[in-house]
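I have placed the structure first, in the form of structure tokens, so that the comments after it can refer back to it.
The values are calculated or read from the model by the stated rules, or taken from the named source; none is laboratory data. These figures come from a predicted structure and were not determined experimentally. As a convention, Cβ positions derive from the backbone with ideal geometry for all residues, glycine included, and neighbour counts pool all protein chains shown.
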Amino acid sequence: MAVKSQNIVLSRNLDPIAILDHLYKRGFDYQHRFIRPAFAKGIYQKIIRRMAGIGEVPMVGDAAKPARRLQADVLIIGGDPAAAVAAMICASVGARVIEIRPDQSPGSVHGRGAEKDESASPSYVSIDNSKMMGAFDDGSIAAVSGERLYIVEPMYTIIAEAGRELPIVFPNWDLPGIMQEAACLALLRQDVPIGKRIIVTGAPERAISLARSLNKAGNEVVAVPIDDPVSGEHEDWIEKISKPGWRLVEANGRNKVSSVIMTKGKVREKIDCDCVVTSGPISHRIEIARQLGCKIREKKWSLPAILVGDGFETTKRGVFAIGISAGLDDPDKAIRSAEIAAKNIVARIKGMGS
Amino acid sequence: MAKKTIACLCEDVTRDEIIEAILLGYRDIESLKRYVGFGTGPCQGKQCIQFIRELLSGMGIDPGAGITSRPPITPVPLAILAAKEERDEK
């Protein structure tokens, strides 16, 4: 699908209507600006709508496959490595396990779920490359994969989704050339050159490790402003570019980022660059839990997370959250949470059978 | 070049517009969202809500609960949702 016309005249760079961006820096709110005299509003609207134009989308729909409804003892909403562990434990006792595994789109971090052959049990089915659709009132979960809607009716649900990287917000962070870590890693995997003067900022350890990956792929990182120094031995060039205590406060450029301003206390420094990569905070995916009716822990400053009790069960009976979905960033703790939740479920399933 | 801090990329909402709305008296995420329009685009607030929570916290306001989550969590073509259903024993 492609939009065939856009809100421009000539090309994007030569568009004369772009003058409005300079005249009205805070935005050209035509609905209010042209409201006086009120009786002429209709005429003005016609003119403005003609100026704005309307995008055209082809009316050809993609053929969808029939929706499929599946029953499961345990549904695992995967993405976190802990999902694989939970799937294996549940499938090993013969429970019917369905794992919804997300696509590898940028923004999905913290690894993938189990590979199919790892859980060789026939009672394991995975719905790969899926997008989460949502939860129904009866607790069934819908996901879309390969042009098909899957509706899973589970007895028990384990939420083990990967984290989601958030942007770091500063003036002009939306300029082309500024990207998030996951996007940068996706481009690196495709051997796309990233830049010749790159600034990496954000979570210290991830930023330093990203600087290393960028360097290894032949890109040049010029500065890594981070809050705290990263402990351990580092190469000389890493020591040279890492800037603990410095904060990136603003980016500048016309059509693309060309420089950034960094500050440390009252010291301000401008650095020329052609790319900025941000390693933003990792948030928990709470949407499916919210839709299932699980309670969410929301504190003033921290990232909202799914509230879990003993055995990693949420406030909704039969729904569990493990790994990063339960707020566990540490991989060992994440795996442990998978074991506890899965064993708990297995015990309940066995209890019902006897 | 004008310095603009975008808070919500999907709906082109700036930090200044949100602060203006907070000063007008919209002091919780749900009413702010309805007034300014952030979190109503394709990402449904997944990228911007945390920034707005921090903005409110920074102004000494408790952001409270986030916005209601409704399906679809990720954008899905309507044709897929409209497809008829087949029962599968697998």
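Answer yes or no: is there a residue in the stretch A:245-263 that is closer than 30 Å to B:G60 by Cβ, outside any strand (DSSP E or B) and either within 14 Å of chain B (Cβ to nearest Cβ) or aromatic (F, W, Y) (or both). The answer is yes, given that some residue of the stretch A:245-263 is closer than 30 Å to B:G60 by Cβ, outside any strand (DSSP E or B) and either within 14 Å of chain B (Cβ to nearest Cβ) or aromatic (F, W, Y) (or both).
Restricting to the stretch A:190-225, count the residues that are of a type in the set (S, T, Y) and part of a strand (DSSP E or B). Of the residues in that region, 1 qualify.
So which of B:E30, B:E17 ends up being outside any loop (DSSP other than H, G, I, E, B) and more than 10 Å from chain A (Cβ to nearest Cβ)?
B:E30
Taking (1) of a type in the set (D, E, K, R); (2) assigned to a loop (DSSP other than H, G, I, E, B); (3) modelled with pLDDT of 80 or more; (4) loosely packed, with under 14 Cβ neighbours inside 10 Å in turn, A:R36 satisfies each apart from (3).
The set of residues in the stretch A:325-340 that are surrounded by 13 or more Cβ atoms within 10 Å (Cβ to Cβ) and under 25 Å from the mean Cα position of the chain (by Cα) comprises A:S325, A:A326, A:G327, A:L328, A:P331, A:K333, A:A334, A:I335, A:R336, A:S337, A:A338.
The criterion of being outside any strand (DSSP E or B) and closer than 20 Å to A:M88 by Cα does not hold for A:I288. Does the stretch A:257-272 contain at least one residue that is within 22 Å of the chain's Cα centre (by Cα) and not small (G, A, S)? No, because not a single residue in the stretch A:257-272 is within 22 Å of the chain's Cα centre (by Cα) and not small (G, A, S). Consider the stretch A:147-170 and keep the residues that are assigned to a loop (DSSP other than H, G, I, E, B) and over 21 Å from B:C43 (Cβ atoms). The one that is farthest from the other protein chains (Cβ to nearest Cβ) is A:A160.
Just one of the listed residues (A:I282, A:I322, A:I296) is more than 15 Å from the chain's Cα centre (by Cα), within 22 Å of A:K131 (Cβ to Cβ) and touching a residue at least 24 places away in the same chain (Cβ under 8 Å), namely A:I322. Filter the stretch B:42-82 down to the residues that are touching a residue at least 12 places away in the same chain (Cβ under 8 Å), in a loop (DSSP other than H, G, I, E, B) and under 13 Å from B:C8 (Cβ atoms), then identify the one that is farthest from the other protein chains (Cβ to nearest Cβ). Among them, the one singled out is B:P42. If you go through the stretch A:155-181 and keep only what is surrounded by fewer than 21 Cβ atoms within 10 Å (Cβ to Cβ) and within 30 Å of A:M88 (Cβ to Cβ), you end up with just A:M155. For A:Q71, the conditions (1) at pLDDT 80 or above; (2) away from chain B (no Cβ under 14 Å) are fulfilled apart from (2). Applying the condition of being loosely packed, with under 15 Cβ neighbours inside 10 Å and among the small types (G, A, S) to the stretch A:226-250 and asking which residue is farthest from B:I6 (Cα to Cα) yields A:G232. When A:S302 is tested against (1) among the polar types (S, T, N, Q); (2) crowded, with 19+ Cβ neighbours inside 10 Å; (3) more than 9 Å from every other protein chain (Cβ to nearest Cβ), just one condition goes unmet, and that condition is (2). On the stretch given as the stretch A:264-285, residues that are closer than 20 Å to A:V169 by Cβ, part of a loop (DSSP other than H, G, I, E, B) and either hydrophobic (A, V, I, L, M, F, W, C) or more than 14 Å from every other protein chain (Cβ to nearest Cβ) (or both) total 1.
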